[in-house]
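Participant: This structure is in structure tokens; I'll ask about it shortly.
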Amino acid sequence: MVKITKSYIPKEKEKYMCAKHLAFFKQKLINWKNELKKSSSEALYNSSLDDNSTSADIVDQASSYTEKNVELRAINRQIKLISKIDAALKRIQNGSYGFCVETGEPIGLKRLMARPVATLCIAAQEKHEKNEKVHAES
């Protein structure tokens, strides 16, 4: 695997998804995954500590239930994101990372910098969202 500096940022003039790009995105994804795991663990731990569900006040119980529900949904989103990160790491391994799963076209460095787990190029993403909107309206 290629070594890159901590300050390295992929450049458009470099060959798309060269070894440096792949090393950069792999490290970015691994760091993101570790942050998510840490915050999920902390949220679960803190959630188990502050439990008002045994409180005699019905309002406190309802508030506690609502807060727990919001926290658990956030943790669930983080878990789904971790599985997307794992899928992106697999695509780095098999050489398909950075290319649209529908068209095979490059996703683009700017899009991947903003959303490293992206699987669709902008054109395919827009088409996908347009189809979702059509189905939602019918």
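Derivation of every value follows stated rules applied to the coordinates shown; laboratory data play no part. Everything numeric in this text was worked out from a predicted model, so none of it was measured. As a convention, Cβ positions derive from the backbone with ideal geometry for all residues, glycine included, and neighbour counts pool all protein chains shown.
Participant: What 222 nm value per residue comes from the helices of the chain, counting each DSSP H run with n ≥ 4 as -39,500 (n - 2.57) and dividing by all residues, nearest 500 deg cm²/dmol? Walk me through the numbers before you get to the answer.
Facilitator: Numbers: 4 runs with 90 residues, N = 138.
Rounded to the nearest 500, the figure is -23000 deg cm²/dmol.
Participant: Further question: Report the calculated FRET efficiency for Thr103 and Val70 (r = Cβ-Cβ distance, R0 = 30 Å), to the nearest 0.05.
Facilitator: Values: r = 37 Å, r/R0 = 1.25.
About 0.20, to the nearest 0.05.
Participant: Can you tell me the relative contact order of the chain? Whole percent, Cα pairs under 8 Å, sequence separation 6 or more. The partial results should precede the final answer.
Facilitator: Numbers: 94 pairs, mean separation 27.7, N = 138.
Taking the mean separation of contacting Cα pairs over the length of the chain, I get 20 percent.
Participant: Rank Leu36, Ile85, Ala19 by how far each Cα sits towards the positive end of the charge dipole of the chain (+1 on Lys, Arg Cβ; -1 on Asp, Glu Cβ) and give me just the farthest.
Facilitator: Ala19
Participant: Report, in debye and to the nearest 20, how large the dipole of the chain comes out about its Cα centre when Lys and Arg carry +1 and Asp and Glu carry -1 on their Cβ.
Facilitator: Numbers: 24 positive and 17 negative charges, 248 e Å.
So the magnitude is around 1180 debye.
Participant: Taking the Cβ of Glu102 as the centre, find all other residues whose Cβ is under 15 Å away and add up their charges (Lys, Arg: +1; Asp, Glu: -1).
Facilitator: 0
Participant: Roughly speaking, what is the centre-to-centre gap between the stretch 1-26 and the stretch 58-106 when only Cα atoms are used, to the nearest Å?
Facilitator: Taking the Cα centre of each part, the stretch 1-26 and the stretch 58-106 sit 25 Å apart.
Participant: Could I ask something else about it? Rounded to the nearest 20 Debye, what is the dipole magnitude of the stretch 99-138 about its Cα centre when Lys and Arg each give +1 and Asp and Glu each give -1 at the C-beta? Don't skip to the end; give the middle numbers.
Facilitator: On the way: 6 positive and 6 negative charges, 38 e Å.
So the dipole magnitude of the stretch 99-138 works out to roughly 180 debye.
Participant: Turning to a different aspect of this structure: For the chain, what is one quarter of the convex hull surface built on the Cα atoms, given in nm²?
Facilitator: 12.0 nm²
Participant: Let me ask another. If you wrap a convex hull around the C-alpha atoms of the stretch 99-138 and split its volume per residue, what is the figure in Å³?
Facilitator: Dividing the Cα hull volume of the stretch 99-138 by its residues yields 65 Å³.
Participant: Can you give the extra length, in nm with one decimal, that the chain gains between His135 and Ile58 once fully stretched, where that is 0.36 nm per residue apart less the Cα-Cα distance? All intermediate terms of the calculation are to be shown ahead of the outcome.
Facilitator: On the way: separation 77, 0.36 × 77 = 27.72 nm, distance 4.11 nm.
Computed gain between His135 and Ile58 is 23.6 nm.
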